[in-house]
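The values are calculated or read from the model by the stated rules, or taken from the named source; none is laboratory data. What you are looking at is a predicted structure, and each value in this text was computed from that prediction instead of being measured. In this analysis, Cβ positions are derived from the backbone assuming ideal geometry, glycine residues included, and neighbour counts consider all displayed protein chains.
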Amino acid sequence: MRKNDKSAILDMLKSYTEFHAGIVSFYEKGEMATSLDLLTSCQEGAIKIGNMIDSSEGEGTRAVSLLEAYCEDVFKLYDLISGENGCTERESTCVNVLSESVRGDVRARVSGLDSQIQSVYAEIENSIKARYEAVFMPYKASMWDSLESIYQSFMADPEYDVYLVPIPYFEKNPDGSLGKAHYEADLFPEGEPITMFDDYDVSVRKPDVVFIHNPYDEFNNVTSVHPSCYSHELKKYTGCLVYVPYYATAGGMAMAQSSLSAYYYADYIVAQSEKHIGYFDPQIPREKFIVAGSPKFDHVINECAKMQNVPQSWHEMMDGKKVYFYNTSIGGMLSDTPGFINKLAYVFETFSKNKNVCLLWRPHPLLESTFESMRPEYKPYYDKMKEFFIKEKIGIFDDTPDIAKTIAVSDVYIGDSGTSVTSLFGIAGKPLFIFDDHINTVADDEDKRGQVTNGFTLDTDDKWIITEGNQLFCSNKVGHSYRYVCRLDEHSAQMYSRAFEDGDRVIACPLSAEQFIIVKNGKVSGHISLEHKTENAGAFYGALKSGRYIFLLPMDYPAIVRLDTQNDKVDYIKGVNDIFAHRDFEEWMAGGAIIYHNLLLLASPVDQRLVSIEMSSLETQIIGVGDEANVTSVGMVADPDGTTIWILPYSGTVIRHWNPVNGECRYYKEMPEGFECVDLMRNAKTDKRPFSSAVRFHDKLILSPAFGNMFVSLDINTGIASKWIPPFEMPDKPKSGYIGAWAHGSLYKNVIRDTSENKCSY
């Protein structure tokens, strides 16, 4: 019997004591009709309970026998009250006064009914086992592995009735409406007892637990599960909704996955590890999480152990060759679609020249749908590449539903890093080679040099720099010749941004770490921990220092952080993050930041707002700079006299010249003929990040390009902008991509320093 049904029956039986008491009470008041109605209700309820037991347990149970005896006695009492002593069925009162003996008989019979119901209650509670109903509701067959091992464990549990109910899903049209419908029930593994979606009504069955693996509900731009299966709808009809991630991770999680609709309606979220929990929105209660590993790992391990035979059509291409599994992910495509297409061509061309290996290409199951909904202008190029791959038999095109079977027969992974497939290959113990979609040429000698650092700011604080691998270097500040000091952290990624000298110590500021690091005498000597813990990369954008204070500029971190170096006290300014840092899809945008006298100024990358923070008191104001619409900020530069500030745009070309004292703001909008921006990492035109920095020189503002294609000289008197030819050769085409760059360069005024300061103290 279903647990819910058993609970409902027992609750119903508990109410019988009150019904019985009412029968006696109304009888003795002479309200016979009411007393008889209660007896009728008792009998009808008992019959209903008996039918429920027969339906779930079969006929012949002791509980039903007890209920039948109860019904007989109810009938006898009904007959006594209605047929004796001058009472009829529907009379409201008795004509004759009932004798005390009859009254006593009624009380005794009702007491007997109480005893019978107690016996029924005990029999049902002790002899009828409660069964639970669990329903698994996957939408894509290729993602069934995210639920399969949990499903199998429930199937083996005798206390559960388990249903596998694949649900329909829809492609999204570019305008967000529901498009083409899909139903993949026939693609699930053979032998699994499938219940068709139309045959299982959640609102009627009210299952005890529901498992889902789609967390997006109506908020996915590519697909949508059937609206009746959104998490907020399912939660109406179950006491326990469980979300199991459709992906597995080798450590991190995409920032866009941290806060999704289903998390807030689910009763439980299955986390791969304790560390995995740290990537979710901190507002999600920790008690929701169940650390249980990943069913996807279970599936891969099982399939690799089976040594599955490959499809017959693959034999010829795979026979005696190393099989390279080429994975193309949605994230890789969206982050740089032109680079993605070019990379496809490069990979196909490379493997077509080598007949000693086999390329197995498995695009993400939703890749084509994502092209259609989010990158429709590139879909024809992708279609041509796919057609070319299949027609020319470059390799095996894998669109089978079970990725684990393919992993089992593959030797090597090649492809994107931001995908759970890498973790599946890792758990299978097979090598991985991660691609960079910006590289589509063979490396030359210059490319092979690689890079230690992405660059650093040449200002008064450039004595200390932090390179890749969290390595601290020190310069003599004469020729910027750096020497190694120590490693700040054992992690391979760069987790720290800048390092500032403070007396006899150096303070390293976190980038994605959770603490400041103190360096003394060339060694790490201590830490200053932060209040909030985050596992996501990109916690901070950078750091600024003025006097005794160090400020951390946030992106994903929920506050601006101030460190007072005199006492190592950490303070937090909350509630203004969204002005300085803005996330568009998975890309963070940060505005300009500058120290202006006793103020920290943080400008917005998407509008005219600016946060002003008094550095000692932390008094905070939000102001608008100028009255122009469509102005943004990517950087701020002070004039030499320190009275006015130039605000460089994040998008567009409107430059603001602002006087913080009187609020006056002038606008410079014109750019030289031929000026345009090209995203260096994506090799695509854009309106973002035209400039990286600027230098005021006499009556000119010289602007260096980030994504812009030229240096610009802006006459501050006339507002005329012209192309500026730097005194060095500019590259005429992008690099191959082996050494990444986020800007063409930065321009700084030469700062005369005391050359006697050629000693590093730490």
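Might you let me know whether the stretch 447-465 holds any residue that is more than 30 Å from the chain's Cα centre (by Cα), buried (at least 20 other Cβ atoms within 10 Å of the Cβ) and at pLDDT 85 or above? For the stretch 447-465, residues more than 30 Å from the chain's Cα centre (by Cα), buried (at least 20 other Cβ atoms within 10 Å of the Cβ) and at pLDDT 85 or above: present. Of the residues making up the stretch 548-567, at least one is surrounded by fewer than 16 Cβ atoms within 10 Å (Cβ to Cβ) and in contact with a Ser or Thr (Cβ under 6 Å, 6 or more places away or on another chain). Checking the structure you have, find out if any residue of the stretch 410-421 is touching a His at 6+ places or on another chain (Cβ under 9 Å) and assigned to a loop (DSSP other than H, G, I, E, B). So far as the stretch 410-421 goes, yes, one or more of its residues are touching a His at 6+ places or on another chain (Cβ under 9 Å) and assigned to a loop (DSSP other than H, G, I, E, B). If only residues of the stretch 310-338 that are out of contact with any Ser or Thr (no Cβ under 7 Å at 6 or more places or on another chain) and aromatic (Phe, Trp, Tyr) are counted, the one that is nearest to Thr422 (Cα to Cα) is Tyr326. Selection of the stretch 740-760 for residues being touching a Lys or Arg at 6+ places or on another chain (Cβ under 9 Å) and either buried (at least 17 other Cβ atoms within 10 Å of the Cβ) or modelled with pLDDT of 70 or more (or both) yields Ala743, Cys760.
Within the set Leu424, Leu359, the sole residue that is modelled with pLDDT of 90 or more, surrounded by 15 or more Cβ atoms within 10 Å (Cβ to Cβ) and under 30 Å from Val225 (Cα atoms) turns out to be Leu424.
The residue that is surrounded by the most Cβ atoms within 10 Å (Cβ to Cβ), among those in the stretch 268-296 that are assigned to a helix (DSSP H, G or I) and of a type in the set (D, E, K, R), is Lys296. Residue check, Glu233 against (1) over 15 Å from the mean Cα position of the chain (by Cα); (2) charged (D, E, K, R); (3) buried (at least 18 other Cβ atoms within 10 Å of the Cβ); (4) under 24 Å from Leu366 (Cβ atoms), all met but one. Which one? Evaluating Glu233 over (1) over 15 Å from the mean Cα position of the chain (by Cα); (2) charged (D, E, K, R); (3) buried (at least 18 other Cβ atoms within 10 Å of the Cβ); (4) under 24 Å from Leu366 (Cβ atoms) leaves (3) as the failure. When the stretch 362-382 is limited to residues that are among the basic types (Lys, Arg) and touching a residue at least 24 places away in the same chain (Cβ under 8 Å), the one that is surrounded by the most Cβ atoms within 10 Å (Cβ to Cβ) turns out to be Arg362.
For the stretch 335-344, the criterion of being of a type outside the set (Ser, Thr, Tyr), part of a loop (DSSP other than H, G, I, E, B), surrounded by fewer than 22 Cβ atoms within 10 Å (Cβ to Cβ) and within 33 Å of the chain's Cα centre (by Cα) is met by at least one residue. Here Asp186, Asp114 are screened, and the one residue that is among the acidic types (Asp, Glu), more than 29 Å from the chain's Cα centre (by Cα), over 25 Å from Val222 (Cβ atoms) and surrounded by fewer than 19 Cβ atoms within 10 Å (Cβ to Cβ) is Asp114. Within the set Ile117, Ile124, Ile150, Ile167, the sole residue that is closer than 30 Å to Asp402 by Cβ, assigned to a helix (DSSP H, G or I) and of a type in the set (A, V, I, L, M, F, W, C) turns out to be Ile150. Taking the criterion of being within 16 Å of Val310 (Cβ to Cβ), of a type in the set (D, E, K, R) and buried (at least 16 other Cβ atoms within 10 Å of the Cβ), the only residue of the stretch 384-401 that qualifies is Asp398.
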